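The values are calculated or read from the model by the stated rules, or taken from the named source; none is laboratory data. Note that the structure is a prediction, hence the values are computed from the model and not measured. Counting neighbours? That spans all protein chains shown, and the Cβs are built from the backbone with ideal geometry, glycine included.
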Amino acid sequence: MMKQTTLKGSFSLCGKGLHTGLSLTVTFNPAPENHGYKIQRIDLEGMPVIDAIAENVIDTQRGTVLGKGEVRVSTIEHGMAALYALGIDNCLIQVNGPEFPILDGSAIKYVEKIQEIGIEEQNAPKDYYIIRKKIEVKDETTGSSIVILPDEEFSLTAMCSFNSKFINSQFASLDNMTNFPTEIAAARTFVFVRDIEPLLKANLIKGGDLDNAIVIYEKQISQEQLDQLADMIKVEHRDANNLGYIQHKPLVWENECTRHKLLDIIGDMALIGKPIKGRIIATRPGHTINNKFARQMRREIRKHEIQAPIYDPNETPIMDVNRIRELLPHRYPMQLVDKVIELGATSIVGVKNVTSNEPFFQGHFPQEPVMPGVLQIEAMAQCGGLLILNTLEEPERWSTYFMRIDDVKFRQKVVPGDTLLFKVDLLAPVRHGISSMKGYVFVGDHIVSEATFTAQIVKNK
């Protein structure tokens with residue numbers, strides 16, 4: 001089982017803000033388990049904290065802007081992308097102004113600092129959200145869309161059309177997040193010359209220059225106009241007849257602009273609040289559609305906060321019914337676990353196929369057969385017993401017994417033909433022969449019952 005992670009220590013980066021031009025410092029700090037990402041404005045009274053989640057995004061026109069009341073933090077996406085791509089779950093970010101420094105316009109400096117300071121594994125399990133079905137968000141006005149499909153890992157493809165002869169249509173893919181530092185992190189932000197004047201008039205990009213952005217000059221304007229723009233952003237004058245890229249550093253990749261779009265997607269997906277297993281395919285992405293998708297994902301997660309285990313009946317079980325019979329004292333009709341398909345140090349997944357021939361249906365109820373709730377709890381407890389016994393050197397010599405049951409909920413009927421999946425997790429290490437566990441019973445993707453229970457391990461006489 002993968003565990004949550006945080007930074008081994010703190011690091012700071014200094015630079016100017018892209019839009020404000022202010023001199024800014026952002027500091028990334030370790031954070032406890034289940035903290036998530038939070039951003040703190042240390043320059044404001046009370047040093048307010050904003051949760052870095054999709055619902056707190058208040059503007060997406062020229063970057064991702066978080067807001068809470070009067071407190072705002074913008075241009076967060078590059079730093080967030082670095083955290084998310086490197087698998088960091090918990091981090092407190094402190095900044096002394098209204099935006100993160102733009103640095104070189106990419107995420108590479110964040111990545112380098114994270115690699116330098118190191119990543120620390122924590123005790124809590126990493127809570128992945130696994131995509132089980134296609135989820136799609138579209139913007140009919142812009143033609144933008146994001147689709148996520150089931151996949152074993154998190155991967156992305158971005159397809160862009162820029163209406164420019166220099167970068168008309170491009171795509172970029174990242175099939176493995178371990179390649180983010182070498183394939184995506186150094187991709188810089190970009191701007192078209194045609195957009196510079198409107199941005200300046202909107203009181204933005206005060207800190208923009210050729211060291212932190214790729215400028216694309218694809219439609220000729222007069223020399224006077226180009227000189228005026230150059231003076232506005234404080235760069236040297238350029239011959240208005242020479243179309244193309246205006247930059248101090250050559251392109252890192254031919255499709256660097258689209259790779260940067262992919263970087264932005266990752267940064268905005270960090271605001272989902274959980275690592276994802278699925279493949280994103282983005283068409284004409286931007287911060288607006290990215291945030292719309294992240295919000296949709298958060299709604300999906302709330303609907304399926306506890307996900308059912310994945311069950312493939314073709315896979316060989318870890319324990320079959322015969323091995324279970326060797327470990328548990330239960331016999332027909334009270335052996336209620338058919339097989340175990342997952343078994344770790346702190347969790348177990350078991351299976352029971354409910355048939356019409358179950359003896360309890362004779363009295364519960366012959367005309368409308370329903371599996372008694374108490375037997376669902378008993379089956380969970382049997383899975384929990386197998387989990388505990390698996391930690392012992394001679395499990396056949398021990399048995400587990402109920403001591404307490406709490407927080408029992410029955411949400412849906414269990415009927416003949418249902419396949420039950422039992423997921424049981426230890427809530428704390430076993431101490432003095434006493435164990436506390438949380439169990440869920442699933443049919444398909446739905447929870448049908450759940451309970452917290454305590455059991456005692458007793459040596460057989």
Could you tell me which residue of segment 104-119 is farthest from R62 (Cα to Cα), considering only residues that are surrounded by fewer than 22 Cβ atoms within 10 Å (Cβ to Cβ) and in contact with a helix residue (DSSP H, G or I) (Cβ under 9 Å, 6 or more places away or on another chain)? Q115
Pairs only if they're at least six apart or on different chains, beta carbon under 6 angstrom, first in segment 111-139 and assigned by TED's automatic domain parsing to the domain that holds L263, second of a type in the set (F, W, Y) and surrounded by 14 or more Cβ atoms within 10 Å (Cβ to Cβ); list them, first residue then second. K113/F11; I117/F11; V137/F293
So, in segment 345-373, how many residues would count as being within 36 Å of the chain's Cα centre (by Cα) and modelled with pLDDT under 95? 3
Within segment 346-356, does at least one residue satisfy the condition of being farther than 30 Å from E55 by Cβ and free of Cβ contacts under 8 Å to residues at least 40 places away in the same chain? no
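Residue by residue, here is whether (1) out of contact with any Gly (no Cβ under 8 Å at 6 or more places or on another chain); (2) of a type in the set (K, R) holds:
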position	(1), (2)
L389	yes, no
L392	yes, no
R397	yes, yes
V415	yes, no
G433	yes, no
A455	no, no
Filter result (of a type in the set (G, A, S), at positive phi and without any contact (Cβ under 8 Å) to a residue 60 or more places away in the chain) within segment 405-459: G433
Which is surrounded by fewer than 19 Cβ atoms within 10 Å (Cβ to Cβ) and either in a loop (DSSP other than H, G, I, E, B) or touching a strand residue (DSSP E or B) at 6+ places or on another chain (Cβ under 7 Å) (or both), of L392, L421? L392
Identify, by number, the condition in (1) surrounded by fewer than 22 Cβ atoms within 10 Å (Cβ to Cβ); (2) in contact (Cβ under 8 Å) with a residue 12 or more places away in the chain that L156 doesn't meet. (1)
Counting only residues that are within 18 Å of G267 (Cβ to Cβ) and free of Cβ contacts under 8 Å to residues at least 40 places away in the same chain, segment 177-194 contains a total of 4
Being within 17 Å of the chain's Cα centre (by Cα), part of a strand (DSSP E or B) and surrounded by 14 or more Cβ atoms within 10 Å (Cβ to Cβ) narrows it down to one of V137, V147, so name that one. V147
Being crowded, with 17+ Cβ neighbours inside 10 Å, modelled with pLDDT of 90 or more and in a helix (DSSP H, G or I) is true for just one of G384, G439. Which residue is that? G384
Condition first: within 19 Å of G105 (Cβ to Cβ), modelled with pLDDT of 80 or more and of a type outside the set (K, R). Now tell me which residues in segment 235-253 satisfy that. P250, L251, V252, W253
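Yes/no per residue for (1) among the basic types (K, R); (2) more than 24 Å from L199 (Cβ to Cβ); (3) touching a helix residue (DSSP H, G or I) at 6+ places or on another chain (Cβ under 9 Å):
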position	(1), (2), (3)
G15	no, no, yes
L18	no, no, no
A52	no, yes, yes
I58	no, no, no
Give all pairs with beta carbons closer than 8 Å in which a residue from segment 215-236 that is not assigned by TED's automatic domain parsing to the domain that holds G21 meets a residue that is exposed (fewer than 13 other Cβ atoms within 10 Å of the Cβ) and part of a loop (DSSP other than H, G, I, E, B); count only pairs at least 6 apart in sequence or on separate chains. Y217/N242; E218/K165; Q220/N241; Q223/D239; L226/H237; D227/H237; A230/E236; A230/H237
Could you check N241 against (1) without any contact (Cβ under 8 Å) to a residue 60 or more places away in the chain; (2) in a loop (DSSP other than H, G, I, E, B); (3) surrounded by 13 or more Cβ atoms within 10 Å (Cβ to Cβ) and say which number it fails? (3)
Check on T182, loosely packed, with under 15 Cβ neighbours inside 10 Å and under 24 Å from M80 (Cβ atoms): yes
Please find, among Q335, Q296, the residue that is modelled with pLDDT of 95 or more, assigned by TED's automatic domain parsing to the domain that holds I135 and of a type in the set (S, T, N, Q). Q296
